[in-house]
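Before any comments, here is the structure.
The values are calculated or read from the model by the stated rules, or taken from the named source; none is laboratory data. Quick caveat, the model's predicted, so the values are computed rather than measured. Neighbour counts are summed over all protein chains in view; Cβ atoms, including those assigned to glycine, are modelled from backbone coordinates with ideal geometry.
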Amino acid sequence: MKKIIVCSIPVALATALFLPFSLSASIVVFQENFQDGLTGPQPVGGVDWFANVKADGAVFTETGSANDDGRVAIGSRDDVRNAFYFRGTTSDSFDRALIWTDTFTVDRSAGEILSFSWRDNNNVSSAFWQVAIQIDNGDWFVSNQSYTSASSWTQRSLDFTTAAADWSELNFTSGTVLAVGDPLSSDLPMGNVTAFGMYGVGETGEVQRLTDYTITVIPEPSAYAAILGLGAVALLLRRRFARKS
């Protein structure tokens, strides 16, 4: 079975109340390890993700071998559990890919995003990943920070900010366009993150891999207060019931 952790901020907070914490404590609200428990390459749709490729944002649903150029799929690598991989080729403009999911919404009114993190393993340092997000089911954005690696699994993290200098537009409409646009002239807009993933730029014959995609947030103090208030009400009702019985 694939391992995926998805929980709302209030649920995560309710769990955290039983553990030592401070009001600045961070919590993981989403984690995807791509563990589908199957052998051989699998389509990304099997783990509730999507893949769009090339300049026209074409939907990609095939699998094939990890040794085939122009592939996007889920497969295994060395001693690491299943990971997403993207093998590009410039021969047919298969030089970019957006992998993404909309299975979870990050409610930014309940907590601010602290970071996006993952592990990657690319064949060459010239191929790279960038974090991609969609806000309120509308515009897409891509981090200006890109990440490369070569030959070994490496832990990565993007510290989330809303500063204009850290983001660019991502022009994406499935089946129509997929391209990095202009750098932002103003800060990232407010709103919930309704979809997220990674934008990859590849090279012919070179494989880019990633796993352990994780979103961490810092809850708003009001969210803690709401959970604590509900806990106090529950305790009061329990005491009243105990006295009556």
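Things to note:
- Subset of the stretch 151-186 (residues that are over 17 Å from residue 115 (Cα atoms), in contact with a Phe, Trp or Tyr (Cβ under 9 Å, 6 or more places away or on another chain) and of a type in the set (D, E, K, R)): 169
- Taking residues in the stretch 146-172 that are touching a residue at least 40 places away in the same chain (Cβ under 8 Å), and partners anywhere that are part of a loop (DSSP other than H, G, I, E, B), the pairs with Cβ atoms closer than 7 Å and at least 6 places apart or on different chains are 158/145; 172/57.
- Filter result (closer than 25 Å to residue 60 by Cα and part of a loop (DSSP other than H, G, I, E, B)) within the stretch 154-184: 174, 175, 176
- When the stretch 141-182 is filtered for residues that are touching an Asp or Glu at 6+ places or on another chain (Cβ under 8 Å), of a type in the set (Val, Ile, Thr) and at pLDDT 95 or above, the ones remaining, listed by number, are 142, 162, 176, 177, 180.
- Pair list, Cβ < 6 Å and 6+ apart or interchain, from the stretch 107-129 residues that are free of Cβ contacts under 8 Å to residues at least 60 places away in the same chain to residues that are of a type in the set (A, V, I, L, M, F, W, C): 125/150
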